[in-house]
1. Please report the relative contact order for the chain, taking Cα pairs under 8 Å with a sequence separation of at least 6, and give it as a percent rounded to a whole number.
2. Take each of the peptides 148-157, 101-110, average the number of other beta-carbon atoms within 10 Å over its residues, and list them starting from the highest.
3. What is the angle, in °, between the Cα long axis of helix 130-160 and the longest principal axis of the Cα atoms in the chain? Nearest 10 is fine, range 0 to 90.
4. When you have a sec, figure out the Kirkwood radius of the range 42-89 from all distinct Cα pair distances and drop it here in Å to one decimal?
5. When the label point is put 7 Å from the Cα of residue 91 along its Cα-to-beta-carbon vector, which residues of the range 111-128 have a backbone N closer than 15 Å?
6. Convex hull volume of the Cα atoms in the chain, per residue, in Å³?
């Protein structure tokens, strides 16, 4: 049985897939500021390479539909995410519910001493392509982790510099 609320109607996309990626960064800024910067969806385009992010439906809060298109030139990958939980300034949960990228994701902010914040992003994707994709995942995973870690580091720098809020 699914939880009530925004996850209704998302089917198997709300269930964790086998492609799991986690990245962590420490940001020298208080958790409320870090959380607000992260959930400023359109500004994610500034720290996620080759990606344009926009709110398609809603106000960016629970129930909203976010679209991220990553690509170069005419080639692009569309990622649709439904925001299923916002617990500011601690956690936001999404479900990737597009045709290719599917599965839940979470971003958590943990306040630390000295107005620092630990940010953890965790994604559980369903791997398209069946058994072949599962076999390829150990080769693909390091690139996915490095890409996510690099984006989070850029995010942290922009927040620390006051250029992202």
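Where a number appears in this text, it was derived from the coordinates with a stated rule and is not lab data. All values reported here derive from a predicted model rather than from experimental measurement. Cβ sites come from the backbone with ideal geometry, for glycine too, and all protein chains shown count toward neighbours.
1. Here the relative contact order equals 31 percent.
2. Packing proxy ranking, top to bottom: 101-110, 148-157.
3. 20 degrees
4. It is 11.4 Å.
5. Within reach of a label on residue 91, which here means backbone N under 15 Å from a point 7 Å along Cα→Cβ, the range 111-128 contributes 111, 119-124.
6. Looking at the chain, the number lands at 118 Å³ per residue.
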